[in-house]
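Asks: For reference, the structure I am asking about is given below.
The values are calculated or read from the model by the stated rules, or taken from the named source; none is laboratory data. On a predicted model such as this, the values are computed, not experimentally measured, just so you know. All Cβ positions, even for glycine, are placed from backbone atoms using ideal geometry, and neighbour counts span all protein chains on display. Side chains included, ligands, DNA and RNA excluded: accessible areas come from the protein's heavy atoms. Shrake-Rupley method; radii C 1.70, N 1.55, O 1.52, S 1.80 Å.
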Amino acid sequence: MGEEIMAAANYYSKDFEWDQLRQEIENNPSLAHHLLPFPNSSITQNQHTLLSSPLSLCSPQEDSEAWNNFHTRHSTGKFFKLSYQGFNLKSRGAISKTASIKNSGSIAGALQCWNKDGMERRYLLKEFPELASCRGCSTVLEIGCGNGSTALAVLRGNKSISLYACDCSKEALERAKENIEAADINLAKERFYPFQCDFSASGFPNWLVCTSCRESSFQKQNMCPSGARGCSKQDFPDPPIFAKNNSCIAGVDFVTLIFTLSAVPLHRMSRAITECFSVLKPGGLLLFRDYGLYDMTMLRFEPEQRVGYREYIRSDRTRSYFFCLDSVRDLFCGSGFTELELEYCCVQSVNRRNGKIMRRVWIHGKFQKPYVQVGP
């Protein structure tokens, strides 16, 4: 959390070629451990020290607990403050600026400071302009909302949009609600609906899109209007207050996956994407941004932190996977999506304190659920 927004001023620029970076990494012997196939044999002793249980035994509850502990530890905002101090952006067209946040006292306070310097993930509205220009009463499902930095940008940029936000961490949801309430955004609280959910393990609740509406989407190629097929309370026994009249909301127009999928264990990613597909209305868009292969943060991991091919785990048990274009394409298109945009985003920044050049690699993707379902 935090590192991914350093180059927000010109986030989508091409400061260097990814193929050139790949050649440098693959020719560097000190980084060879990142390129090796991951053995299927038992986890090493060092990995057992790092993990309380082998990867194969890590449960969704353990993964959620790790992120909940992360947000609890960083609830004061100090982590996010330090993440932005000392960086001088050198992207083409960007205004070089140090994102210094002082005396924030809370994540909400830190976000207010970031807003003044344009660090509120507002780049999303430029990279995904559909979020700002969509018709009135459109709905967004933000998956892995964290402290609310994406929600803030979307709600501020589109005054008529409604945003449903989920996270596996209860602590993160509390921080997000605090930040939305503290923001000076017209009717933000009335348009923001947070709920706890691990979409990769339990799937989405039926009040988001009930079984009848899912079947209608596949059989009639058109999501039924809310309540049209008699959605009843038995479909979702414990709906939130905003699921009115005991009927589901019949799916959403947009799903955002912003630095979320990389935190999901690789073996649960396919199910997670299928869940995203199921809650989108036909023609709806999934907007994707995440860590790319050979990003600076990947190269910092030690050999014993590998728990899979391109998959790593930190000392606090939070995970990170680094995507190439083909892996993203296979995941989304294999779940029924149509690829609209997919490419590397390569941004170079400079640490003002030590002059070190940092090369960040992210993946930008846009996928659509077809109006007409393909397949049996």
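Asks: Of all residues in the stretch 325-341, which are of a type outside the set (Phe, Trp, Tyr) and either under 16 Å from the mean Cα position of the chain (by Cα) or assigned to a helix (DSSP H, G or I) (or both)?
Replies: Let us first name the residues in the stretch 325-341 that are of a type outside the set (Phe, Trp, Tyr), namely 325-331, 333-336, 338-341.
Of everything in the stretch 325-341, those that are of a type outside the set (Phe, Trp, Tyr) and either under 16 Å from the mean Cα position of the chain (by Cα) or assigned to a helix (DSSP H, G or I) (or both) turn out to be Leu325, Asp326, Ser327, Val328, Arg329, Asp330, Leu331, Cys333.
Asks: In the stretch 126-182, what residues are over 17 Å from Lys366 (Cβ atoms) and part of a strand (DSSP E or B)?
Replies: Thr139, Ser162, Leu163, Tyr164, Ala165, Cys166, Asp167
Asks: Please go through the stretch 247-257 and give me each residue that is surrounded by 23 or more Cβ atoms within 10 Å (Cβ to Cβ) and modelled with pLDDT of 95 or more, ordered by number.
Replies: Val255, Thr256, Leu257
Okay, residues lined up against (1) touching a helix residue (DSSP H, G or I) at 6+ places or on another chain (Cβ under 7 Å); (2) open to solvent by 40 Å² or more (accessible area, probe 1.4 Å); (3) more than 20 Å from Glu17 (Cβ to Cβ):
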residue: Glu302; (1), (2), (3): no, yes, yes
residue: Tyr309; (1), (2), (3): no, yes, yes
residue: Arg319; (1), (2), (3): yes, no, yes
residue: Arg329; (1), (2), (3): no, yes, no
residue: Phe337; (1), (2), (3): yes, no, yes
residue: Arg352; (1), (2), (3): no, yes, yes
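Asks: Against the condition under 26 Å from the mean Cα position of the chain (by Cα), within 24 Å of Val264 (Cβ to Cβ) and either at pLDDT below 55 or acidic (Asp, Glu) (or both), how does Asp198 come out, does it pass?
Replies: yes
Asks: State all residues of the stretch 262-300 that are within 23 Å of Ile25 (Cα to Cα), in a loop (DSSP other than H, G, I, E, B) and open to solvent by less than 20 Å² (accessible area, probe 1.4 Å); if no residue qualifies, say none.
Replies: Result: Leu293, Tyr294, Asp295.
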